[in-house]
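Visitor: Submitted below is the structure of interest, expressed as structure tokens.
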Amino acid sequence: MICQVCGASNDLDAELCRKCQNKLLVVSGSSESYDEGPSGEGISLDEHLLERVSVLEEIVKRSAETLKALLEGFHRQEKNGFVVQTGLLALKDLLERKGLLVEQEFVDLWEERVDQHMTVLEKRERFLERKERILAEHKGLGRERLVDLLGEAELAFFALDPDKAMALLEEAWKLDRRNAELAFFLGETWFNDGDSGKAASALRHVLEQRPQHFDALVYSGVLENDLGRPEKAVDALKRALALRPDAFLPAFALGAIHAGAGQLAKAEALLKRAVAIEENPQALSLLGTIAYQRGRLADAIDALQRAVQLDPDDEEGLFQLGLCYLDRGWTQKATERFRAALELSPNRIELQEAKKLLGPAGAGALPGLAGTVGERGGRTAAAAARDPRKALGLYRRAIKADPENPAVQIAYALVCSSVGRTAEAEATTRRVLSQKPDEEIAAAAWSTLLETLRSEGKFREGTQVAGEMLQSVTSSSARSIAYFQRAAALADMGERLDEALEDAEKALRLSPRELRHFPLATKGWVHYKRKEFRRAVECLSRAAELGETPTALAHLGLAYLAVGDAKAARSAFERAKRRGGRPSERHGGLEARMLEQIRRNLQLAERVASRPGRRKPGPG
């Protein structure tokens with residue numbers, strides 16, 4: 001007897017399949033087995049069909065019962081979740097009334113923990129998907145030890161301890177250095193965690209074992225460029241493109257590298273190829289920038305318009321499109337694009353300028369650290385000046401070595417804010433302020449918090465925090481910061497502009513010479529909001545002479561447009577663009593754009609792979 005479900009052979013008198021346990025419905029045999037007449041000894045066709053229908057009815061009935069049970073379980077979980085959330089909110093309200101908790105800090109920390117949890121779950125799912133492939137790749141001795149390590153790593157992922165899991169997988173890799181699947185998992189994970197050095201090393205091992213590994217070639221190309229080795233990056237990406245000529249990412253990444261090297265013709269050809277494969281806003285924005293640099297204004301406008309249509313939050317594309325409109329003489333359209341770009345990033349923090357607001361507490365060295373920790377602090381501050389994103393890990397280690405040092409925490413918060421990790425920056429500064437430090441440290445913490453709130457666009461909250469700062473500090477420089485920060489927040493909201501102008505003038509009177517350009521720029525922005533455009537130009541241009549910041553230069557450009565001086569406006573906007581990034585970012589943050597794009601594609605690939613019956617695609 002043959003089972004119709006799994007095809008297994010069974011005894012003639014069996015009722016259930018020995019392999020899949022489904023009911024056996026049909027017995028193969030000759031047509032004589034069925035007797036069409038009522039007096040026959042065999043089973044009639046009608047009876048056979050009736051039995052099959054009855055069995056199907058039973059299956060449908062059981063499925064409906066199972067679905068009902070699942071729905072009831074879901075409703076119970078939903079109710080339990082509601083009860084738990086209500087309890088947490090009640091606990092928050094109680095702690096807040098007792099002065100033991102700040103709501104915003106609690107919410108930010110909650111969101112941060114959720115993000116961390118989801119990241120660990122993604123790593124776990126990726127590991128479980130590849131565990132069997134890692135085992136299948138192993139050859140030679142030590143298999144039992146490898147199985148044990150992979151099992152312990154799996155348990156660590158389930159326990160939400162990714163650091164322990166990765167340490168166990170590193171140990172497993174030491175036992176089996178030729179395991180390309182394990183090396184790729186480690187390299188991919190380090191890549192997503194931002195550890196470029198370790199990721200590049202692991203991916204090189206993958207390519208030694210499998211030179212035609214497409215994913216490893218793409219990741220390696222991006223990482224080699226990030227590590228300052230463009231020749232190796234180009235070689236890896238060319239090999240990836242040769243393997244898959246229809247893949248978007250290697251063409252886009254290779255075009256971006258050529259653009260960064262000034263090879264605009266090569267870059268444009270590759271980016272056009274990438275856009276033909278996939279209309280991507282990052283690729284179109286970069287393509288438009290290159291067309292603008294090569295003097296083809298119509299092509300630049302077309303590409304940039306398509307980019308901002310696909311991604312209305314593309315600040316770089318909006319800013320570049322504003323420059324194109326300015327060259328065409330479309331001043332109204334240009335003003336709208338520049339304003340839209342400023343609204344997306346109202347006050348982009350530039351680390352070296354923001355440090356001036358912190359006084360001695362935010363200066364190069366980290367005070368209060370001695371010996372090895374102090375040397376580490378100095379190296380960390382230097383790294384922050386070169387590349388704030390890479391300095392985050394160093395600051396975390398400095399905090400771990402001296403967790404009670406508020407100056408280290410403030411410096412860490414400022415770096416977090418400068419790279420866009422504003423929730424972490426805000427939580428850190430509030431933690432410092434809750435410890436009631438000396439005024440010098442407190443003033444630095446208040447300043448960092450205000451800069452962070454402005455960069456997030458939380459202007460109303462910024463006015464409240466500035467008022468709290470004025471009540472707690474006494475020094476002239478600290479009070480000056482509070483006044484001009486409150487004035488800037490009011491101006492950004494377009495509210496109480498008379499009060500904002502008064503605050504800006506107070507800040508100007510109290511400000512020391514080295515910080516004078518901040519309140520001057522704020523006063524100019526208040527005049528702009530009051531539609532006093534010539535006075536705005538006067539204040540903002542004087543501020544730019546004392547110290548240039550990207551935001552103040554962009555405000556100056558808008559003021560020049562308002563008085564009809566398009567040539568001076570263009571110069572101000574170009575200076576703002578140059579001032580707004582490090583040399584590696586002058587072409588729109590090419591490395592950051594590539595890394596972001598690959599991570600987005602990787603996340604999309606994981607979502608597609610999680611669907612039944614779908615093979616996980618590579619990053620191309």
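Visitor: Looking at the range 238-338, I'd like the Rg to Rh ratio, where Rg is from alpha-carbon atoms and Rh is Kirkwood's inverse mean 1/r.
Guide: The Rg/Rh ratio comes out at 1.01.
Visitor: Follow-up question, since we're still on this one. Can you sort 328, 513 so the residue with the fewest Cβ neighbours within 10 Å comes first?
Guide: 513, 328
Visitor: If each residue of separation counts as 0.36 nm, what is the full-extension length gain between residue 460 and residue 404 once their alpha-carbon separation is subtracted?
Guide: Taking residue 460 through residue 404 to full extension adds about 17.1 nm, to one decimal.
Visitor: Something else: Which order, highest average first, do 517-527, 61-71, 401-411 follow once you tally other Cβ atoms within 10 Å for each residue and take the mean per peptide?
Guide: Packing order, densest peptide first, comes out as 517-527, 401-411, 61-71.
Visitor: Please get the size of the charge dipole for the range 504-561, origin at its Cα centre, with Cβ charges of +1 on Lys and Arg and -1 on Asp and Glu, quoted in debye to the nearest 20.
Guide: 280
Visitor: Let me have the relative contact order for the range 112-333, percent, based on Cα pairs under 8 Å that are six or more residues apart.
Guide: Relative contact order of the range 112-333: 9 percent.
Visitor: Moving on. How would you rank 481, 59, going from fewest to most other Cβ atoms within 10 Å of each one's own Cβ?
Guide: 59, 481
Visitor: While we're on this one: What number, in percent, do you get for the relative contact order of the range 447-562 if the mean sequence gap of Cα pairs under 8 Å and at least 6 apart is divided by its residue count?
Guide: It comes to 19 percent, rounded to a whole number.
Visitor: In percent, what relative contact order does the range 415-505 have, based on Cα pairs under 8 Å that are 6 or more apart in sequence?
Guide: 21
Visitor: How do 457-470, 145-158 rank on mean C-beta neighbours within 10 Å, highest first?
Guide: So the order, starting with the most tightly packed, is 457-470, 145-158.
Visitor: Classify the range 112-333 as rounded, prolate or oblate from the Cα gyration tensor: take a ≥ b ≥ c as the square roots of its eigenvalues, call it rounded if a/c is under 1.5, otherwise prolate when a/b beats b/c and oblate if not.
Guide: prolate
Visitor: Next up: Using the Cα gyration tensor of the range 50-185, with a ≥ b ≥ c the square roots of its eigenvalues, what is the shape: rounded (a/c below 1.5), prolate (a/b larger than b/c) or oblate (neither)?
Guide: Note, shape of the range 50-185 comes out oblate.
Visitor: Using the Cα gyration tensor of the range 294-334, with a ≥ b ≥ c the square roots of its eigenvalues, what is the shape: rounded (a/c below 1.5), prolate (a/b larger than b/c) or oblate (neither)?
Guide: Verdict is oblate for the range 294-334.
Visitor: Now, a different point. Going down the list 131/164; 266/333; 506/577; 458/529; 198/266; 436/506, which pairs span over 22 Å between their C-alpha atoms?
Guide: 266/333; 506/577; 198/266; 436/506
Visitor: Calculate the dipole size of the range 112-333 relative to its Cα centre from +1 charges on Lys and Arg beta carbons and -1 charges on Asp and Glu beta carbons; express the result in debye to the nearest 20.
Guide: So the dipole magnitude of the range 112-333 works out to roughly 880 debye.
Visitor: OK, next. Take the alpha-carbon centre of the range 283-297, take the same for the range 141-174, and report the distance between them in whole Å.
Guide: If we compute the Cα centre of each part, the gap is 48 Å.
Visitor: Let me ask something else. Order by neighbour count: 234, 222, fewest other Cβ atoms within 10 Å first, most last.
Guide: Final ranking by Cβ density, sparse to dense: 234, 222.
We did not get these values from a lab; they are worked out from the coordinates using the rules stated. This is a predicted model, so every value here is computed, not measured. No Cβ is skipped: glycine too gets one built from the backbone with ideal geometry, and neighbour counts run over all protein chains shown.
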